[in-house]
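The values are calculated or read from the model by the stated rules, or taken from the named source; none is laboratory data. What you see is a predicted model; the values in this text were computed from it and never measured. Heads up, the Cβs are rebuilt from the backbone with ideal geometry, glycines too, and the neighbour counts pull from every protein chain shown.
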Amino acid sequence: MIIGKIVSSTSHVDYFCQILRPGEAAELPAPQDYGFGRFVGIASESGGSLVAIVCNTSLLNPEFGSLGPRLSPTKDMAVFTPDYLAERVTLVALLVVGSLDANGVVTQGVPDCAAESDAPVQTLTDDQVRAFHQGESGLRVAYLPQLAALQTPLAGPLQERVIAALRALFPTQAAHLSVLCTNVAWRSRVQPAS
């Protein structure tokens with residue numbers, strides 16, 4: 001399911017996706033479709049996609065703080081000012097952690113190519129998330145150091161959320177992932193104190 005489009009970038013791996021609004025698609029994404037820790041794909045022209053994780057959400061409402069009088073009630077704006085643009089948007093921050101090419105070849109880590117402006121962003125299916133994490137010798141999570149290096153208080157919870165999602169998708173690896181999750185949780189609580 002397409003949830004939005006790329007509207008901005010702060011680096012080669014950090015992007016902002018504007019979530020679809022009413023009138024932009026027949027089926028709008030639900031909040032869980034772009035929830036914290038969700039795996040998404042950013043379409044590329046080559047037919048593959050960059051794999052990213054939703055790592056933050058921002059709500060933009062330019063009308064906040066403009067408490068002056070209104071000539072028309074909000075519900076009448078479509079009739080009296082049809083060219084008025086509703087500028088309230090939801091943006092989600094995406095961290096690119098790898099790519100899936102058109103042939104299904106997986107690369108974890110920083111990809112060679114960047115995303116394009118207006119590139120569609122869609123949720124990844126469980127099968128696509130499994131394929132992205134399936135290495136030659138089993139489960140592969142080479143991007144975890146990239147998540148740990150994030151300079152945000154959300155880094156620890158993001159790692160925990162990703163590991164919990166992987167535990168559900170790879171039940172045979174649940175014991176190993178539980179140990180990893182415990183280590184991440186301990187580190188995220190101890191490091192801020194030092």
field: VAL121, sole failed condition from (1) closer than 26 Å to SER46 by Cβ; (2) surrounded by fewer than 18 Cβ atoms within 10 Å (Cβ to Cβ); (3) in contact (Cβ under 8 Å) with a residue 40 or more places away in the chain
entry: (2)
- prompt: Going by the conditions given, is THR90 at pLDDT 85 or above, over 21 Å from VAL129 (Cα atoms) and either in contact with a Cys (Cβ under 7 Å, 6 or more places away or on another chain) or not hydrophobic (A, V, I, L, M, F, W, C) (or both)?
  reply: yes
- prompt: Given the conditions (1) among the basic types (Lys, Arg); (2) surrounded by fewer than 16 Cβ atoms within 10 Å (Cβ to Cβ); (3) under 19 Å from ASP14 (Cα atoms), and given that ARG140 satisfies all but one, which numbered condition is not satisfied?
  reply: (3)
- prompt: of a type in the set (Ser, Thr, Tyr), part of a helix (DSSP H, G or I) and surrounded by 15 or more Cβ atoms within 10 Å (Cβ to Cβ): does that describe SER188?
  reply: yes
- prompt: Out of curiosity, is GLN128 assigned to a helix (DSSP H, G or I), within 19 Å of the chain's Cα centre (by Cα) and within 16 Å of HIS12 (Cβ to Cβ)?
  reply: no
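For region 1-57, name all the residues that are hydroxyl-bearing (Ser, Thr, Tyr) and assigned to a strand (DSSP E or B). Don't jump to the end; show me each part of the working.
As a first pass, look at region 1-57 and keep what is hydroxyl-bearing (Ser, Thr, Tyr): 8-11, 15, 34, 44, 46, 49, 57.
Matches in region 1-57: SER8, SER9, TYR15, SER49, THR57.
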- request: Might you check whether a residue that is under 21 Å from LEU180 (Cβ atoms), touching a strand residue (DSSP E or B) at 6+ places or on another chain (Cβ under 8 Å) and either surrounded by 17 or more Cβ atoms within 10 Å (Cβ to Cβ) or of a type outside the set (Lys, Arg) (or both) occurs anywhere in region 107-116?
  value: yes
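Which residue, of VAL162, VAL179, is assigned to a helix (DSSP H, G or I) and exposed (fewer than 12 other Cβ atoms within 10 Å of the Cβ)? Explain how you work it out, then say what you get.
Values: VAL162 fails: exposed (fewer than 12 other Cβ atoms within 10 Å of the Cβ).
Just one listed residue meets the conditions, VAL179.
Could you check, for region 53-70, whether at least one of its residues is among the small types (Gly, Ala, Ser) and at pLDDT 65 or above? Can you show your working first?
Filtering region 53-70 for residues among the small types (Gly, Ala, Ser) gives 58, 65-66, 68.
From what is left, the residues that are at pLDDT 65 or above are 58.
Within region 53-70, one or more residues are among the small types (Gly, Ala, Ser) and at pLDDT 65 or above.
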task: Looking for whichever is free of Cβ contacts under 8 Å to residues at least 24 places away in the same chain, in contact with a helix residue (DSSP H, G or I) (Cβ under 7 Å, 6 or more places away or on another chain) and surrounded by fewer than 16 Cβ atoms within 10 Å (Cβ to Cβ) here; the options are ALA148, ALA174. Which one fits?
output: ALA174
query: Mind checking which residues of region 103-121 are touching an Asp or Glu at 6+ places or on another chain (Cβ under 9 Å) and either among the aromatic types (Phe, Trp, Tyr) or not in a loop (DSSP other than H, G, I, E, B) (or both)?
result: THR107
task: Can you work out which of the residues in region 181-194 that are hydrophobic (A, V, I, L, M, F, W, C) and without any contact (Cβ under 8 Å) to a residue 24 or more places away in the chain is nearest to PHE39 (Cα to Cα)?
output: CYS181
